[in-house]
Amino acid sequence: MILNLISLRGSLSKSFLSHFPRKSNPAISLKPFQNPRKCFSWDLSRPTLACYAFDEFPNEVNEENLKGIEFLQLMEHRGICANCQTYTWLLDLCLNSGSLVECKKLHGKILKLGFGNESVLCNKLVDVYFALGDLDGVVKVFEDMPNRSARSWDKIISGFMEKKMSNRVLDLFSCMVEENVSPTEITFGSVLRACSGHGVGIRYVEQIHARIIFHGFQISPIISNPLIGLYAKNGLILSARKVFDNLCMKDSVSWVAMISGFSQNGYEEEAIHLFCEMHIAGVFPTPYVFSSVLSGCSKIKLFDVGEQLHALVFKYGSSLETYVCNALVTLYSRMPNFVSAEKVFSKMQSKDEVSFNSLISGLAQQGFSDGALELFTKMKRDYLKPDCVTVASLLSACASNGALCKGEQLHSYVIKAGMSSDIIVEGALLDLYVNCSDIKTAHEIFLTTKTENVVLWNVMLVAYGKLDNLRESFIIYRQMQIKGLIPNQFTYPSILRTCTSVGALDVGEQIHTQVIKTGFQFNVYVCSVLIDMYAKHGKLDTAHVILRTLAEEDVVSWTALISGYAQHNLFAEALKHFREMLDRGIQSDNIGFSSAISACAGIQALNLGRQIHAQSYVSGYSEDLSIGNALVLHRVDTVRKH
DNA sequence: ATAGGGTTAG
């Protein structure tokens, strides 16, 4: 209707109208055609304004020259007073034209005319200043505002959040609380996002949570979902679960937040379990939840569950989603053969860096460094930029294969691409040189790094361990404690192995006390090395006690003890423990087999030795050198007997 | 408001 009328007016075209904000009420808009001037003072809608301009200034106004401030000047020239609404729309024109100068002029006029108290205008000014990037302007308007409603606070808080200025958001929130303005859902939404962006302490998050409960928002998914994420990111998985359980209306985002929270914190089984619950509850599985739960399956190598999920991915139409496919590629690339991984990968419609990284890391972790490097080349050919993750995987593959030359080439790529200070690339790089026995270069790199990365220190402990240099290892170990770095489950095995190999049981015992002090006495990795150390040095009772305190013993811990018994001629004990290990459903490794065969030789148990040999053969150790040596010994001993 | 890939080990 309006457009028809407008088109009758010739030059007043649609593009002319596009200069004006779209905010028209058709019923009112018809009025100016009867009496534009009268209408102007109390109602200015988009067409009214334009029609007025056309009626009043047919020669002066056209599509090109009409700008907000010029129009205002024309109005003033004609003696017509602009009202509050006029300024609102003029400010909207600034938004479209992007002119900060004009906005400032209008701001000045608004203050001069005494419109500075109008909250509508102030909010609009905040919008425009934000859009034009003048944050000082924003703050100035806000400081001058007389009555700051929750809505105004929300506007400025979410504005700063959009600019990712978490500090400002949290400061503003404190001010808001001080002024006793009740926060809204939107306020809490921004504040929670600021918390995760800024990495604030969990105590602060808990305070915010208390306020959320106080204001009765804990049942809102919009607030509780990010809260779940925040608790999960900080490792407080129980708090996250509590928030999740308190939600009476869980939406799909709530489920994803909780499932990914579990999956990312080492609670993969719980993640899969919760996914099943979600599925039973009839909630539609989004691509988000698939990528999350699949990632959990990859981490704990639950391939069959992953395959079942893959079927669901097809069923629910997520099979073309990049995130989902990437998670599937990761899952399948952890399997011994890469057929499924390559199938998913090649069928992907749009591959990104992560798609390549998933496959590369799979190849790298299974020792196929050439295949991984080939993909690295392919990746560059597809115009995808290899990132820190790519390089870290590749470096790790080169390190484990002793491919120093290729590793060095990657090193220069790292320097060129500016990744030298990435915390993980540094670790992988250092590991490369240590593994390739270039300890000198490794130490040089170590000296150039910042000192707060525990991994680097651990790798240096491995480095000096390789040189059997316990003195230097111990200095490093001491220094990291002085720097306040907390040893982890990688630290203790590294130095303890050196103690074992140089025969420094006293130093080892000293470290054992620290293991207990820091709560690592239940860690299988740490304990297996302790058992090995004590067993090799004849303290078999101590080694035995340590094994018994483990909740979940593994092959390496058992065989460390068994080989200790065998080495100290306690053959019956060795065989007894070998039997017990098998009875517990733990498959032997080569150390276990060779120790048991040696023990058989020791007590001249030919038949048992043959049996164990057959077992080792079935377990795939037919070409193992240590077993071969044990067999030779066995033969010699049994021949000697006859 | 929710998602995928990474360094050190016996």
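The values are calculated or read from the model by the stated rules, or taken from the named source; none is laboratory data. All values derive from a computational prediction rather than experimental measurement. Positions of Cβ are backbone-derived with ideal geometry, glycine not excepted, and every protein chain shown enters the neighbour counts. Note: areas computed on protein heavy atoms with side chains; ligands, DNA, RNA excluded. Shrake-Rupley method; radii C 1.70, N 1.55, O 1.52, S 1.80 Å.
Against the definition (near DNA strand B (Cβ under 10 Å from one of its atoms), over 30 Å from A:M278 (Cβ atoms) and open to solvent by 80 Å² or more (accessible area, probe 1.4 Å)), how does A:K378 come out, yes or no? When the stated conditions are applied, A:K378 does not pass them.
Give the residues of region A:513-550 that are small (G, A, S) and surrounded by fewer than 19 Cβ atoms within 10 Å (Cβ to Cβ), sorted by residue number. Answer for region A:513-550, where residues must be small (G, A, S) and surrounded by fewer than 19 Cβ atoms within 10 Å (Cβ to Cβ): A:G519, A:G538.
The condition of being more than 10 Å from DNA strand B (Cβ to nearest atom) and over 24 Å from A:G306 (Cα atoms) holds for only one of A:A341, A:A403, that being A:A403. Among helices (runs of 4 or more DSSP H) entirely within region A:150-222, having at least 1 residues that are within 16 Å of DNA strand B (Cβ to nearest atom) and within 27 Å of A:V128 (Cα to Cα) singles out A:150-162, A:166-178, A:185-198.
No other residue among A:D92, A:D136 is more than 26 Å from A:C175 (Cβ to Cβ) and either open to solvent by 20 Å² or more (accessible area, probe 1.4 Å) or not in a helix (DSSP H, G or I) (or both) apart from A:D92. Restricting attention to region A:257-274, the residues being away from DNA strand B (no atom under 12 Å from the Cβ) and either aromatic (F, W, Y) or over 16 Å from A:V324 (Cα atoms) (or both) number 5. Number of residues in region A:199-227 that are of a type outside the set (K, R), under 20 Å from A:N167 (Cβ atoms) and loosely packed, with under 13 Cβ neighbours inside 10 Å: the value is 3. Just to verify a result, which residue in region A:583-642, among those that are at positive phi and under 52 Å from the mean Cα position of the chain (by Cα), is modelled with the lowest pLDDT? Selected residue: A:G620.
The residues of region A:352-369 that are open to solvent by 40 Å² or more (accessible area, probe 1.4 Å) and aromatic (F, W, Y) amount to a single one, A:F368. For A:Q349, are the conditions met, namely being surrounded by fewer than 24 Cβ atoms within 10 Å (Cβ to Cβ) and at pLDDT 95 or above? Criteria not met by A:Q349. Just one of (1) surrounded by fewer than 18 Cβ atoms within 10 Å (Cβ to Cβ); (2) more than 23 Å from A:S99 (Cα to Cα); (3) modelled with pLDDT under 90; (4) not acidic (D, E) fails for A:V177. It is (3). If you go through region A:450-484 and keep only what is under 24 Å from the mean Cα position of the chain (by Cα) and more than 11 Å from DNA strand B (Cβ to nearest atom), you end up with A:K450, A:T451, A:E452.
Do you know which residues across region A:313-339 are open to solvent by 40 Å² or more (accessible area, probe 1.4 Å) and part of a helix (DSSP H, G or I)? Once the filter is applied, which keeps residues that are open to solvent by 40 Å² or more (accessible area, probe 1.4 Å) and part of a helix (DSSP H, G or I), region A:313-339 yields A:F314, A:K315, A:Y323, A:V339. Answer yes if at least one residue in region A:74-87 is surrounded by fewer than 20 Cβ atoms within 10 Å (Cβ to Cβ) and either under 25 Å from A:S158 (Cβ atoms) or modelled with pLDDT of 85 or more (or both), and no otherwise. The answer is yes, given that some residue of region A:74-87 is surrounded by fewer than 20 Cβ atoms within 10 Å (Cβ to Cβ) and either under 25 Å from A:S158 (Cβ atoms) or modelled with pLDDT of 85 or more (or both).
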